[in-house]
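Heads up: the structure comes next, in structure tokens.
The values are calculated or read from the model by the stated rules, or taken from the named source; none is laboratory data. Since this is a predicted model, take the numbers as computed values, not measurements. Note: ideal-geometry Cβ built from the backbone for every residue, glycine included; neighbour counts use all protein chains shown. The area values use the complete protein model at the heavy-atom level, side chains included, leaving out ligands, DNA and RNA. Shrake-Rupley method; radii C 1.70, N 1.55, O 1.52, S 1.80 Å.
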Amino acid sequence: QYYTYNDQYPKAITYALESLRLSEELALYDAQYAGSNQLLTIIHRNIGNYKDAEIYGRKSLSVATKVKDTISIGGSYMLMAKLMVILKNEKEAQHYIDSAIYVMRDVKQCEDCFNFARIINAGIKNLSGHYAEALAELNEVEEYFKESGFTPTLELYIEKANANFGLKNYDDAIHELINSKESGQEYFIAESDKYRILVKAHEAKGEYKQA
């Protein structure tokens, strides 16, 4: 996990694969095994290796379902939904995120993850052009995190910026990203998305130097 969260993917892959090997050798197909598959899903997704990301994502979901671990099941559904958003497969993305929300709804220990799932759900709305609906949902999620004292990820502000950009509220899109107070632990791909949107928003305003 340490190497994954610090974007040191060669080392992360080595340790994750070794974790899988040991689990398989001992026939320990548990939540930890599902978690190792989730890490590999994240790594391959972030480096654009979507075929392998899908393989590990489906594997993590299969194992999590068999061991009936709610958090692992919800997390695996969320990873698959996010991957489908990146692949612009709206139908599959909605299927997976609906499943994640169903599994985690009304489960106290899943409240934070449930709201992270709503961010992905809003991302699907952005993908389909329903920007106002996406923004409304994201505002509700942001309010939840404020009340809970939990720092959201950069993805919340990226999706808010996407929604505002879609609504042609370019100043608001820029404001969301410049003033975002995300957690200190962010994947490089999220930081890349942040600046990609900033470039587009400044270009839309004719501010080419800033872009």
Query raised in the report: Which pairs do you get when a residue that is over 17 Å from His44 (Cβ atoms) and of a type outside the set (Ser, Thr, Tyr), found in the range 72-92, comes within reach of a residue that is open to solvent by 30 Å² or more (accessible area, probe 1.4 Å) and part of a loop (DSSP other than H, G, I, E, B), reach meaning Cβ atoms under 6 angstrom, with the pair 6+ apart or on two chains?
Result: Glu90/Ser128
Query raised in the report: Could you list, in sequence order, the residues of the range 166-196 that are open to solvent by less than 50 Å² (accessible area, probe 1.4 Å), in a helix (DSSP H, G or I) and either modelled with pLDDT under 95 or under 19 Å from Gln210 (Cα atoms) (or both)?
Result: Ala173, Ile174, Glu176, Leu177, Ala190, Asp193, Lys194
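Would you mind finding the one in Glu18, Glu90 that is at pLDDT 95 or above, loosely packed, with under 14 Cβ neighbours inside 10 Å and over 19 Å from Cys113 (Cβ atoms)? Before you say what the answer is, go through the steps one by one.
Values: Glu90 fails: loosely packed, with under 14 Cβ neighbours inside 10 Å.
Going through Glu18, Glu90 in turn, the sole match is Glu18.
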Query raised in the report: For residues in the range 21-39 being aliphatic (A, V, I, L, M) and open to solvent by 60 Å² or more (accessible area, probe 1.4 Å), which is nearest to Thr70 (Cα to Cα)?
Result: Leu28
Query raised in the report: Taking the range 143-165, which residues are in contact with a Leu (Cβ under 9 Å, 6 or more places away or on another chain) and more than 19 Å from Lys82 (Cα to Cα)?
Result: Phe145, Asn164
Report summary line: Of (1) open to solvent by 50 Å² or more (accessible area, probe 1.4 Å); (2) assigned to a helix (DSSP H, G or I); (3) closer than 30 Å to Ala64 by Cβ, Asn121 satisfies every one except (1)
